[in-house]
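I have placed the structure first, in the form of structure tokens, so that the comments after it can refer back to it.
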Amino acid sequence: MLREIEMRSSYLQEATIETIYFGGGTPSLLSADEINLIVDTIQKHYPVTNLKECTLEANPDDLNKNYLQSLRHTPVNRFSIGVQSFREEDLRYMKRAHNAQQADYAIKAAQDAGFDNLSIDLIYGTPGLTDAEWKKNISKVAEFGIPHFSAYALTVEDKTALAQAIAKKKTVPVDPEQAAGQFEILMEQTATTGYEHYEISNLALPGRYAIHNTNYWRGLPYLGIGPSAHSFNGTTRSWNIANNVLYAKSILQEHKLPFEEEKLTPAQHLNEYIMTSLRTTWGCDLRKIASEWGSSSADTVEKNAHIFQEKGWIKEQDKKLILTNMGKLFADKIASELFVSY
């Protein structure tokens, strides 16, 4: 990874680096010295003059007192903790390595170590998770004083242990109606506790939005390092090979970057903007579309949005298309219907 950082030192050209994000896999396996080595290498090859946010994704069972104290001597200033649920039954169903007590401990330990910029992940739609228990999960975020959290509907990925257990009828399948109802509870309950639903799966207290994620949703360039990492420089998208052994062999023995690349067509670029912007509180800006892709494209998107405005799924404010709470339940369908073809 250090060698890849060096080999791709011209990728972002003159962009100033504001954020560094150590994402999953399990980056909390890295020692403080390894994190410092990676960040030092980034600073050597990229303009990092004002690092606003350095996030480390972490499993709750990795965040012990000694490890957290060691991270005080790194640029890490934010954690994204994979809590998933404060309910033991949910964690067992999802076959998580940690338990509910460890989830509580990790949050408290991070706060005690001086890290107040925390985010956690929560999962809803888990079989057996009642609406009352889901409300308790949401309430614990505010009780802990956590400024940011992400909430996702449980999805069953192919070839996972959970998918196999469901296929063999050893466990209960996911109910989409339960997930939709609990998403509505999420919107209702957080509205009363001061959290802003600034992206469909992300909520934060005022002024505590995730900078890294927000830059991604706004279409800013980014560089991904490591196996299967994705990158975007404004015109092309690339993705590294997912195989660890072949990734290392390509870089260390063959001295070449193991990625595939595609140049986005104007339609692809526009449709990606529609898809990501529509998920946010800022909405899809018709004036931006007119400026970057032409007034005819903006007119087409606005025209296609009319049917969803009539349903009450979209509202237009200041030439921006913004999903209503009801519309958020159908975000992917709405975005696909707004896509423009050339």
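Which of the following residues is closer than 17 Å to A109 by Cβ, open to solvent by 10 Å² or more (accessible area, probe 1.4 Å), among the charged types (D, E, K, R) and touching a strand residue (DSSP E or B) at 6+ places or on another chain (Cβ under 8 Å): E57, E18? Show your work before the answer.
On the way: E18 fails: closer than 17 Å to A109 by Cβ.
One residue alone meets the criteria, E57.
Is it the case, given these coordinates, that V83 is part of a loop (DSSP other than H, G, I, E, B), under 19 Å from the mean Cα position of the chain (by Cα) and surrounded by 20 or more Cβ atoms within 10 Å (Cβ to Cβ)?
So V83 fails the test.
Can you report the number of residues in the stretch 202-233 which are touching a His at 6+ places or on another chain (Cβ under 9 Å) and not charged (D, E, K, R)?
Narrowing the stretch 202-233 to residues touching a His at 6+ places or on another chain (Cβ under 9 Å): 202-205, 208-210, 219, 222, 224.
With not charged (D, E, K, R) added as a condition, the list becomes 202-205, 209-210, 219, 222, 224.
Summing the residues that are touching a His at 6+ places or on another chain (Cβ under 9 Å) and not charged (D, E, K, R) in the stretch 202-233 gives 9.
Quick one: which residue in T192, T236 is open to solvent by 40 Å² or more (accessible area, probe 1.4 Å) and among the hydroxyl-bearing types (S, T, Y)?
T192
I'm checking my understanding of the structure. Among residues of the stretch 108-151 that are β-branched (V, I, T) and closer than 12 Å to I81 by Cβ, which one is surrounded by the most Cβ atoms within 10 Å (Cβ to Cβ)?
So, considering only residues that are β-branched (V, I, T) and closer than 12 Å to I81 by Cβ, the one surrounded by the most Cβ atoms within 10 Å (Cβ to Cβ) is V141.
Counting just the residues of the stretch 242-258 that are closer than 23 Å to Q13 by Cα and among the hydrophobic types (A, V, I, L, M, F, W, C), which one comes out most open to solvent (accessible area, probe 1.4 Å)?
L257
Please verify whether G128 is under 30 Å from A109 (Cβ atoms) and at pLDDT below 95, treating the condition exactly as stated. Break it down stepwise before answering.
Working: under 30 Å from A109 (Cβ atoms): yes; at pLDDT below 95: yes.
Against the criterion (under 30 Å from A109 (Cβ atoms) and at pLDDT below 95), G128 qualifies.
Table: residues versus (1) closer than 25 Å to N64 by Cα; (2) outside any helix (DSSP H, G or I).
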position	(1), (2)
I5	no, no
L12	no, yes
Y21	yes, yes
L37	yes, no
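Can you work out which of the residues in the stretch 39-54 that are of a type in the set (S, T, Y) and assigned to a loop (DSSP other than H, G, I, E, B) is most open to solvent (accessible area, probe 1.4 Å)?
It comes out as T49.
Identify, please: which residue in the stretch 268-283 is of a type in the set (A, V, I, L, M, F, W, C) and open to solvent by 20 Å² or more (accessible area, probe 1.4 Å) and is, among those, nearest to A305 (Cα to Cα)?
So the residue we want is M275.
What is the number of the single condition among (1) free of Cβ contacts under 8 Å to residues at least 60 places away in the same chain; (2) farther than 27 Å from V141 by Cα; (3) surrounded by 15 or more Cβ atoms within 10 Å (Cβ to Cβ) that T74 does not meet?
(2)
Just the residues that are farther than 19 Å from S139 by Cα and either in a helix (DSSP H, G or I) or open to solvent by less than 50 Å² (accessible area, probe 1.4 Å) (or both), please, taken from the stretch 86-106.
R92, Y93, M94, H98
Kindly establish whether S231 is open to solvent by less than 40 Å² (accessible area, probe 1.4 Å), within 20 Å of G25 (Cα to Cα) and not aromatic (F, W, Y).
For S231, the condition - open to solvent by less than 40 Å² (accessible area, probe 1.4 Å), within 20 Å of G25 (Cα to Cα) and not aromatic (F, W, Y) - is met.
Which residue pairs have Cβ atoms closer than 6 Å, lie 6 or more positions apart in sequence or on different chains, and pair a first residue in the stretch 91-112 that is under 18 Å from W134 (Cβ atoms) with a second residue that is among the aromatic types (F, W, Y)?
Pairs found: A100/F86; A103/F86.
Working carefully through the options Y209, Y198, find the one that is of a type outside the set (D, E, K, R), open to solvent by less than 60 Å² (accessible area, probe 1.4 Å) and modelled with pLDDT of 95 or more.
Y198
Could you list, in sequence order, all residues of the stretch 155-165 that are more than 25 Å from T214 (Cβ to Cβ) and either at pLDDT 90 or above or open to solvent by 40 Å² or more (accessible area, probe 1.4 Å) (or both)? Please lay out each step first, then the result.
First, the residues of the stretch 155-165 that are more than 25 Å from T214 (Cβ to Cβ): 156-165.
Matches in the stretch 155-165: V156, E157, D158, K159, T160, A161, Q164.
For the stretch 1-39, enumerate the residues that are without any contact (Cβ under 8 Å) to a residue 12 or more places away in the chain and farther than 22 Å from S80 by Cβ.
Across the stretch 1-39, the qualifying residue is only S10.
Please return the ranges of helices (runs of 4 or more DSSP H) entirely within the stretch 284-338 where 1 or more residues are under 17 Å from M187 (Cα atoms) and open to solvent by less than 30 Å² (accessible area, probe 1.4 Å). Lay out the reasoning, then the answer.
Working: elements: 286-293, 295-310, 325-328, 331-338.
Output list reads 325-328, 331-338.
Looking at (1) surrounded by fewer than 19 Cβ atoms within 10 Å (Cβ to Cβ); (2) touching a Leu at 6+ places or on another chain (Cβ under 7 Å), which one does S28 not meet, given that it meets all the others?
With respect to (1) surrounded by fewer than 19 Cβ atoms within 10 Å (Cβ to Cβ); (2) touching a Leu at 6+ places or on another chain (Cβ under 7 Å), S28 is out only on (1).
The values are calculated or read from the model by the stated rules, or taken from the named source; none is laboratory data. These numbers were taken from a predicted model, which means no experiment stands behind them. Methodologically, a virtual Cβ is constructed for each residue, glycine included, from the backbone with ideal geometry; neighbour enumeration extends over all protein chains shown. Just the protein is used for accessible areas: all its heavy atoms, side chains included, with ligands, DNA and RNA removed. Shrake-Rupley method; radii C 1.70, N 1.55, O 1.52, S 1.80 Å.
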